[in-house]
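Data block below; observations after.
Readers should treat all values here as calculations from the given coordinates under stated rules, not as data from a laboratory. Being a predicted model, the structure only gives us computed values, none of them experimental. Methodologically, a virtual Cβ is constructed for each residue, glycine included, from the backbone with ideal geometry; neighbour enumeration extends over all protein chains shown.
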Protein chains: 2
Amino acid sequence: MTDRVAILAHGKFPDSAKTAVGILRYGDREVVGVLDRDRPADRVREVLPDVQDAPIHPDMDSLLADVGEGGVDQLIVGIAPIGGGFDDSWRPDVRAALAAGCDVVAGLHYFLAEDEEFARLADEHGCELHDVRRPPEDLTVSEGVAGDVDAEVVLTVGTDCSVGKMTASQELVRTARDRGYDAAMVPTGQTGIMIEGWGVAVDRVVSDFTAGAVERMVLDAAEEHDYLVVEGQGAIVHPAYSAVTLGILHGAMPDSLVLCHAAGREAVHGYEEFPLPDPGEYVDLYESVAAPVRETTVAAGALNTSGIDDGEAAREAVAAFGDAIDAPAADPVRFGADEPSGTGDVVEAVFP
Amino acid sequence: MTDRVAILAHGKFPDSAKTAVGILRYGDREVVGVLDRDRPADRVREVLPDVQDAPIHPDMDSLLADVGEGGVDQLIVGIAPIGGGFDDSWRPDVRAALAAGCDVVAGLHYFLAEDEEFARLADEHGCELHDVRRPPEDLTVSEGVAGDVDAEVVLTVGTDCSVGKMTASQELVRTARDRGYDAAMVPTGQTGIMIEGWGVAVDRVVSDFTAGAVERMVLDAAEEHDYLVVEGQGAIVHPAYSAVTLGILHGAMPDSLVLCHAAGREAVHGYEEFPLPDPGEYVDLYESVAAPVRETTVAAGALNTSGIDDGEAAREAVAAFGDAIDAPAADPVRFGADEPSGTGDVVEAVFP
């Protein structure tokens, strides 16, 4: 891993740039700048006070002028559009980064290394293209053995995409570690992989190997740690992504689940004609479809209240979510994973 | 499509060779021989009386000696091991076929066209390698619109792998056509694709595109036909393959489901430590996990009674299965999809 990174998040920072925000919040590298041509502010802290600060630039040329020759090691594409394509309006930034000898990292379905221009530029300037969504070559089908590992396994599941499963996973691991647990995250998506430095982008593997890819990661991580938080993806009733969700659920064979939801979300993001079921219905769905492979229960909930301005209203929303799923709930970012909101202790609920 | 085919089914014919048997039963090409080195009989009809007959040979050389120069156009790899690998003991047969100018077709995860020796031999002898499991390059995520097509869509779902979903789909389409319906199958697996001559092997697509691949096929087929039977895969609670199952369910957005089961199957095939839930529980699982994307019901059942010798006992098993799922049931191969077994008419139930 290189040390100084720039993050591309054009038009999306901060609200729709979960990879960018995840790296700012949880990554251990210095972020020397964020690229957003719609520039919501001059610095990150003006729009996101609770993460690592950095200047916001309209393009890579501006950032390079600011940090100087050799002042940045890596450009990370920090936004992931639906479908995972490469937006050609980002091309000048990637080009400028490579010309400046900067590696480029992306988690898109479109592989930068297969782009002729980028491959040639990387070659010319001696830098690397990392496509973190490219799966290992040797994946295979699940054997149904993840349930046998000598570790407590928790899986974050969601009511939808982009409700905070990666964030909840990170917060749970951090809080558990603070309490002395030997805990680790099993990353399954591009942001988690970029933060943790390992993992498989499960949505990019061959469909038949979805559960198998997760099983292998759980087996590997259980060799090293006693408590695992597997990062879930999508939602069990998502019109497009449910396959990935269920493959992770059956592949991980978790001991318990944390249901993640975004307060106020009423329909599937980007598929507005599909209303979300009630939280309690999700509990039934996840538990009943898991049971024949692995008996598991929704032991806790994580509510993303970033859409609620008022702190008291946010606390009430967390408490109501806990009631709806009949389990302890928290907003791990806003209030911490260790502060029970009237319904119990989330970390204790999943790591008894 | 070529006309005269040989089918490789070493050690598996007929009971564990579903692709081979499917082509013999439903394909419209002449099968000039089956390869099984454990040779259960001299001819197909001795072990499978109700399908196209053909001699059984121990290897490709024996078959070629029998049919003579130019007597076979295509060798089909008609068995699909768990994991979809290429068994190196089949290499001499594929080599002999290519040397004789015969195309080779396979539905494995391992692509013959990427095997150096096969690619070279095919090139030298002017023949082709078809990997039907290789997905189209331009797949994408589902838009959640298959429910809007102007066709009645039925999906065959299963209690497990290898319970007869492909066969039930074929039989339903045949019987519906006999009754005058403009019906067609939407093939999602290698056998169906080999029989129908089109389709996408959904288990081989990028996990994120599972539902999208099926959606596209349903949209295309609905342009041509009024009644569609989508071939399901795996099972909703299969430890390894459930991702594919759910992607098809949400991608196809079917109007109704046909639950397929093999009489006497009590545990997941190849995963014997996982007992199968009761048929009625499958009905609840499929319907409840489908509902938020598409309200649908299990409208009929297909029971594979090939493991029951006694005809009367088989009829009783079909009736009991119908009772268990509270819908009309049939064994479409043994008794026909149009013969209700005391519980109603299967075709009428799914195509009202």
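For this structure, a couple of remarks:
- With a 10 Å cut-off around each Cβ of A:141-151, the average count of Cβ atoms from other chains is 3.
- Packing-based exposure ordering (other Cβ within 10 Å, fewest first) of B:Leu48, A:Leu121: A:Leu121, B:Leu48
- Protection proxy ranking for A:280-286, B:31-37, A:147-153, using the average of other Cβ atoms within 10 Å per residue and placing the highest first: B:31-37, A:280-286, A:147-153.
- FRET efficiency estimate (nearest 0.05) - Cβ-Cβ, B:Asp278 to A:Asp323, R0 45 angstrom: 0.90
- Selection from B:Thr19, B:Trp90, B:Gln74 lying farthest towards where the dipole of region B:4-131 points positive, charges on Cβ: B:Thr19
- For A:82-88, mean number of other protein chain Cβ atoms within 10 Å: 2
- In this structure, A:Glu224 and A:Glu295 have a Cβ-Cβ separation that, at R0 = 25 Å, corresponds to a calculated FRET efficiency of about 0.45.
- Here is how far apart the B:Asp87 label points are across copies: 5.1 nm, shortest first, using a point 7 Å from Cα toward Cβ.
- When A:Glu196, B:Glu124, A:Glu215 are arranged by Cβ crowding within 10 Å, least crowded first, meaning fewest neighbours, the order is B:Glu124, A:Glu196, A:Glu215.
- Most simply put, the protein assembly as shown has about 10% antiparallel DSSP beta bridges, counting only bridges with both residues inside it.
- Here B:Ala99 yields copy-to-copy label distances, from shortest upward, of 5.8 nm, the label point defined as 7 Å from Cα along Cα to C-beta.
- Mean residue ellipticity (222 nm) of chain B, computed from DSSP H runs ≥ 4 via -39,500 (n - 2.57), nearest 500: -9500 deg cm²/dmol
- Rel. contact order, % - alpha carbon contacts under 8 angstrom, at least six apart, region B:146-350: 24
- Residues in region A:175-182 carry Karplus couplings, in order, of 5, 4, 4, 4, 8, x, 6, 7 Hz; the curve used is 6.51 cos²θ - 1.76 cosθ + 1.60 with θ = phi - 60°, and Gly or Pro positions show x.
- The residues packed around A:Ala235, meaning those with a beta-carbon under 10 Å from its beta-carbon, carry a net charge of 0 if Lys and Arg are +1 and Asp and Glu are -1.
- Amide H partners (placed H, <5 Å) of A:His57, local residues excluded: A:Val34, A:Leu35, A:Asp36
- Residue exposure proxy: B:Ile193, A:Ile79, B:Ile82, ordered by other Cβ atoms within 10 angstrom of their Cβ from fewest to most, comes out as B:Ile82, B:Ile193, A:Ile79.
- The residues neighbouring B:Arg179, those whose beta-carbon lies less than 12 Å from its own, together hold a net charge of -3 under the Lys/Arg +1, Asp/Glu -1 convention.
- B:Asp3-B:Asp138 FRET efficiency (beta carbon distance; Förster radius 41 Å; 0.05 resolution): 0.85
- Karplus-derived HN-Hα couplings along region A:259-275 (A = 6.51, B = -1.76, C = 1.60, θ = phi - 60°), whole Hz, x at Gly and Pro: 8, 9, 8, 9, 4, x, 5, 10, 9, 5, 4, x, 9, 5, 6, 10, x
- Counting Cβ atoms of other protein chains within 10 Å of each residue's Cβ and taking the mean over peptide B:287-293 gives 6.
- Nearest-first distances (nm) between copies at B:Glu224, label 7 Å from Cα via Cβ: 5.0
- Residue by residue, region A:125-137 carries 3J(HN,Hα) couplings of 9, x, 10, 10, 10, 10, 9, 6, 7, 6, x, x, 6 Hz when phi is fed to the Karplus relation 6.51 cos²θ - 1.76 cosθ + 1.60 (θ = phi - 60°); x denotes Gly or Pro.
- Two-decimal ratio, chain B, of alpha-carbon radius of gyration to 2.2 N^0.38 Å: 0.97
- Model label sites at A:Asp28 and B:Ala119, defined 7 Å from Cα along the beta-carbon direction, differ in position by 4.1 nm.
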